[in-house]
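Derivation of every value follows stated rules applied to the coordinates shown; laboratory data play no part. Keep in mind it's a predicted model, so treat the numbers as computed, not measured. Every residue, glycine among them, receives a Cβ derived from its backbone with ideal geometry; neighbour counts consider all protein chains shown.
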Amino acid sequence: MAARITSVAVDAVDPARLARFWADVLGWEVTGEEDGVVSLGPPGQPEKGPVPGLDFLPTPDPTPGKVRLHLDLNATDRDQDAELQRLLDLGATRADVGQGPRTEEMTWYVLADPEGNEFCLLASTVR
């Protein structure tokens with residue numbers, strides 16, 4: 001028997017705001033709100049479906065230091081540059097985690113969501 005990841009928990013100072021950002025980024029919907037926790041998942045997916053959801057949990061303080069987990073994203077219907085611009089327009093910012101200046105070999109962008117959680121936008125488009 002094996003276990004399956006059903007959700008990824010994200011601490012947030014403002015769970016509703018951060019959930020809105022990620023819902024817009026991923027094209028997902030709010031699947032639940034209880035005790036300040038806002039849950040997201042793919043449209044139409046049943047609770048605890050095959051794709052892990054995101055749960056935004058209220059916390060009074062941001063996480064100190066480097067976060068040890070981040071999300072990697074791929075665009076689904078546009079190239080990387082167009083998706084980068086869309087994410088920046090939604091409120092993402094470029095982040096420096098020591099990756100150095102962009103090179104031809106560096107095929108990703110490091111970004112941060114509105115609360116500073118880092119994530120990467122990878123080069124390939126997936127369907």
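The figures follow:
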{"quantity": "0 to 90° range, to nearest 10: angle between helix 80-90 axis and the chain longest Cα axis", "calculated": "50 degrees"}
{"quantity": "The stretch 42-106 and the stretch 1-22: distance between their alpha carbon centers, rounded to Å", "calculated": "12 Å"}
{"quantity": "Most mobile listed residue (PRO101, PRO42, PRO52) in the chain, GNM with C-alpha springs under 10 Å", "calculated": "PRO101"}
{"quantity": "GluC sites (Glu not before Pro), loop per DSSP, at most 16 other Cβ atoms within 10 Å - longest free stretch of the chain", "calculated": "48-103"}
{"quantity": "HN-Hα J in Hz across the stretch 47-62 - Karplus 6.51, -1.76, 1.60, θ = phi - 60°, x for Gly and Pro", "calculated": "4, 6, x, x, 9, x, x, 10, 10, 9, 9, x, 9, x, 10, x"}
{"quantity": "Percent of C-alpha pairs per 10 Å bin, the chain, short to long", "calculated": "12, 40, 36, 11, 1"}
{"quantity": "Residues with amide H under 5 Å from that of ALA12, placed H, sequence gap 5 or more", "calculated": "LEU57, THR59"}
{"quantity": "Nonlocal amide H pairs with LEU73, under 5 Å, H built at 1.01 Å", "calculated": "CYS120, LEU121, LEU122"}
{"quantity": "Spin-label pair VAL67/LEU122, simplified geometry with 7 Å Cα→Cβ offset, distance in nm", "calculated": "1.8 nm"}
{"quantity": "Relative exposure of ASP89, ASP24, ASP55, judged by other C-beta atoms within 10 Å (fewest first)", "calculated": "ASP89, ASP24, ASP55"}
{"quantity": "³J(HN,Hα) computed for each position of the stretch 116-127 - Karplus, 6.51 cos²θ - 1.76 cosθ + 1.60, integer Hz, glycine/proline x", "calculated": "x, 6, 7, 8, 10, 9, 8, 6, 6, 9, 10, 10"}
